[in-house]
1. Compute the length gained on full extension between Asp474 and Asp17: take 0.36 nm times their separation in residues and subtract their Cα-Cα distance, giving the result in nm to one decimal.
2. First obtain the Kirkwood hydrodynamic radius of segment 261-340 from its Cα pairs, then insert it into the Stokes-Einstein equation at 10 °C and 1.306 mPa s, and state the resulting D in µm² per second as a whole number.
3. Label points 7 Å out from Cα along the Cβ direction at Ala403 and Asp352: separation in nm?
4. Label points 7 Å out from Cα along the Cβ direction at Arg29 and Glu392: separation in nm?
5. Quick one: which of 526-538, 460-472 comes out on top by average Cβ neighbours within 10 Å, and what's the full order, highest first?
6. Could you work out [θ]222 nm for the chain from helices alone, using -39500 (n - 2.57) per DSSP H run of at least four and dividing by all its residues? Round to the nearest 500 deg cm²/dmol.
7. Can you list the trypsin sites (Lys or Arg not before Pro) in segment 303-374 that are in a DSSP coil and have 10 or fewer other beta carbons within 10 angstrom?
8. For segment 135-146, just list the computed ³J(HN,Hα) in residue order, Karplus coefficients 6.51, -1.76 and 1.60, θ = phi - 60°, integers in Hz, with x standing in for Gly and Pro.
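Derivation of every value follows stated rules applied to the coordinates shown; laboratory data play no part. Bear in mind that the values here come from a model prediction, so they are computed numbers and not experimental data. Virtual Cβ from ideal backbone geometry, glycine too; neighbours counted across all protein chains shown.
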Amino acid sequence: MTKFSAPLKRWRHCLTDGAGEEIRAQLARFYGADEIEGWCRHYDRALAEYADAYGDDAEVVISRCPAQMNIMGMHIDYGGMPSLRLAVKGADTITVAGRCPTARGSRRVRMKSILRSPMDSATEPGAGERGDSDFDSLDFDLGDLLPDEDVGNRQALMDYAGRVCSERERTTGSAVDDHWGILPKGQLIFLESYFRGRCEVGGVDALVCSNVSPSGGMSSSSALVISTAYAALGIHGLSPGVDMCEEDLIDGIGTSEWIRGTRGGTADHGGMILGRMGELVSVGVFPARPMGRAALPPDYAAVIIDSGVPRVYDDAVKEETVIAYPLGTFMVRDLLLPDREAARGWRGLVGDYAQRIEFIRDISADNLGLEVAQIYQLLLGIPESTTLSEIEALARAGGAGQAFESMHRRDIGDKFPHIGPEHPVRLRRRFAFGLAEQDRVRAMVGYMNAGDMGTALELVRISHAGDRENEVADEDLLHRLAKAEGGDRADLCFLPGGYGRMTPAYDRVATTINDFLLASGGRTAGSVQRLGAGWGGNVGGLVRKEYVSGPRRRDFEELLQRELNIDCDLANCIASPGEGACLLTPPAEG
């Protein structure tokens, strides 16, 4: 028994008989006082399903992890840049877990996963009984999966994941493992290595129950990873945030998803862990930390709308977009700035700029002692399209060949099997998008806290434009360079860039909604953009409440139906900022 566990029967007694005031107080904090009864039934049903699967005599822990919504800062967390997130109240992945009997060894893991009807209200009679999906059960020995080397830190974990994915592609033809079970396996591999020598991780029986849509851009896979990781910590008596600090919870557990074959960042996980009721949080990564908060204004709602556009995946394009950040960073640090440090007009450049630049996030005017105009000049030096071999040739010609090899070994290596030496990389527009999107996160927090929702919402529309296949031409940069010297809306946040994760059908959904909101209510009515990895799925953003639960709701719903064939109840599309992931405090004995 640990400080997080209690007998399963005691949990159920407190949930069903009204005897557990501490449990009900926790649920009221997570879901609201009006939702307690429905969520008591929801948790009790998960406990009953655990009992059916593994028996009802166990000591168990209960963890929960909310879904998350990205308001600003798309595609940039894996470049070490912050993004503006909220934990979605009422969209939870719950894990009930206990220690597995040791018949086949102490590291046997058994796990079941159930998807409830996505976003069904837990308060509805019979909620979750329609549209449930049972996934294949897991039963494996964790000892069979563990690497000999220490993968208990982010870089070692990334390198290990790269080797795993390369071998997977060699043997199966795909670097990605689509089975849900690879996600809890990945976090358990990380946890075992992190606590190796202090605590033997393993021996888990778990029942996962989620109402988070698996294709809605709310990071259902990351919620699964965190919820099961928190449960594994709990059954071993380990406190999230204490025995493993928040930085390692977010960056380490988040990076474990790379073992699956994905190449995303960890800000999704940060939003799920650092989320607070009623607030948006700017989530920094590497190290993970909150970098600012903004209260959601009372007359606005965050909305998530199913676009009806199927999400498509292009692994080569995904890898090309991710690789643009370290390549552009290398060019600035090792090729462009050395040519400029002694040039006229660059005297403000700090002398230790090379030591200050590790990630793309470090290329900022404040960090380098530059003006915004000089950042635009650096972007002019980034080629619109290039290849790894071309950049290597430039590096060797400029005396930076060794630096290129070091960067390639650390940031590329085996992590991107689709990007060969001659694969074209549309570098400038993607690199520019990253720099601008980082500035949009900073600016949006500032505008919201200053009460300027018109400009904050404009930034959402600019970010959406940056998801298109837009080139950042010399003429555009020269125009912005002139504006920067004149001080007229010159900040990077107003530069869209061109990341290239958008299809025409997906683009049309967000654009149609934004045009409607602008025409009917002006700059402060609201704005949306894509959610998730791009190309399809949900769209979302901030909209005045009158459009989703007030007098203009019917007009908005009719627009969606008429123009986009989206039939939805907007009142059910609201995503309220809620509390981050946690282990529930168990009911006291008696």
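1. Details: separation 457, 0.36 × 457 = 164.52 nm, distance 6.91 nm.
Here the segment from Asp474 to Asp17 would lengthen by 157.6 nm.
2. Values: Rh = 16.4 Å.
Estimated diffusion coefficient is 97 µm²/s.
3. 1.7
4. 5.4
5. Working: 526-538: 24.5, 460-472: 20.8.
Going by the mean number of other Cβ atoms within 10 Å, highest first, we get 526-538, 460-472.
6. On the way: 20 runs with 238 residues, N = 590.
Rounded to the nearest 500, it is -12500 deg cm²/dmol.
7. Numbers: sites: Arg311, Lys318, Arg333, Arg340, Arg344, Arg347, Arg356, Arg361; in loops: Arg311, Arg344, Arg347.
Within segment 303-374, the qualifying trypsin sites (Lys or Arg not before Pro) (loop, at most 10 other Cβ atoms within 10 Å) are Arg344, Arg347.
8. 3J(HN,Hα) across segment 135-146, in whole Hz: 8, 4, 6, 9, 7, 8, 9, 4, x, 6, 9, 6.
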